[in-house]
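Every number in this text was worked out from the coordinates using simple rules, so none of it is lab data. What you see is a predicted model, and the numbers here were worked out from it, not measured in a lab. Every residue, glycine among them, receives a Cβ derived from its backbone with ideal geometry; neighbour counts consider all protein chains shown.
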Amino acid sequence: MHNLPQSVAERQSRSEAGPQARRVMAEFQTAGFGLSPAAFPDFPQHERGFTLIELMISMVVLSGVLFGVYSVFASGTETYVLGVVKSDLERKATRVVEQIANSLSVSGRDSAFPRIAPPLSAAGVILQKSEGFADGAMKWGPVVLLVADYDIDETDDGKDNDGDGFIDEMIIVRRENPGEDNETLTVLTRGVSEYLEGERANGVDDNGNGLVDERGLSISVIGDVWTIRLTLVGKDARGRMIYYTAESSVTPRN
């Protein structure tokens, strides 16, 4: 080493030791030993490491941001699932109500029963389709029963017997030639609520539609006008019950 003045040599030695000192200081600061840049005169202020408190604050802020992102994502997912469930219930309920209404519209006025007027209603209807005249007389098709019945493995006991998360749920069945050897049975839809939306078995018109204790499939008659109501039930992303009710009115044309 050249013979330099002591003050210059000291400065050079201090400068050469700077990087190592900076690394040591950064490790101590990260570990939270509280060393400050003042302990190392040649450590530039902008090269300081993070203190434990700064790291904790950063983690809290990051957690808040991540929680906000998750909340928005979860909310969007729930909204999407709710929309899908409601759309599916609406589609199924509307389709079945239209099927029953169409069957009634082509039946005879005197061949569809029971004719029950509000505040009471029936959970089904028996009818025959008019197929025109033959030999001067009206020709009728097979007898058809459209009715709400309890789903397989489900009974009217206030319990979830089949373990699907629904209590006393029903199905809509179409029975052609009921009780005969050539009887056929078709399930039109499942997931029918035991009672119409907003209704309970208490002898009161709970949902304000003029009917008392009406079932999930409710058919009532005023004059020649038949009104069909149907409530289906499903679940949202949190397992909460979602209901949809479809309604239609029709007059038999024969």
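Side notes on the structure shown:
- Full-stretch length increase - residue 84, residue 59 - with 0.36 nm per residue and alpha-carbon distance subtracted: 5.3 nm
- For the stretch 163-244: rounded, prolate or oblate by the Cα gyration tensor [a/c cutoff 1.5]: oblate
- Pairs of Cα atoms nearer than 8 Å and 6+ residues apart set the relative contact order; for the stretch 70-132 it is 27 percent.
- Contact order for the stretch 95-236, expressed relative to its length and based on alpha carbon pairs under 8 Å spaced 6+ residues apart, stands at 23 percent.
- Whether the stretch 92-250 is rounded, prolate or oblate, judged on the alpha carbon gyration tensor where a/c under 1.5 counts as rounded: prolate
- Note on residue 159/residue 204: beta-carbon distance plugged into 1/(1 + (r/R0)^6) with R0 of 25 Å gives a FRET efficiency of 0.55.
- Point-to-point label distance, residue 186-residue 109, nm (Cα→Cβ direction, 7 Å offset): 2.8
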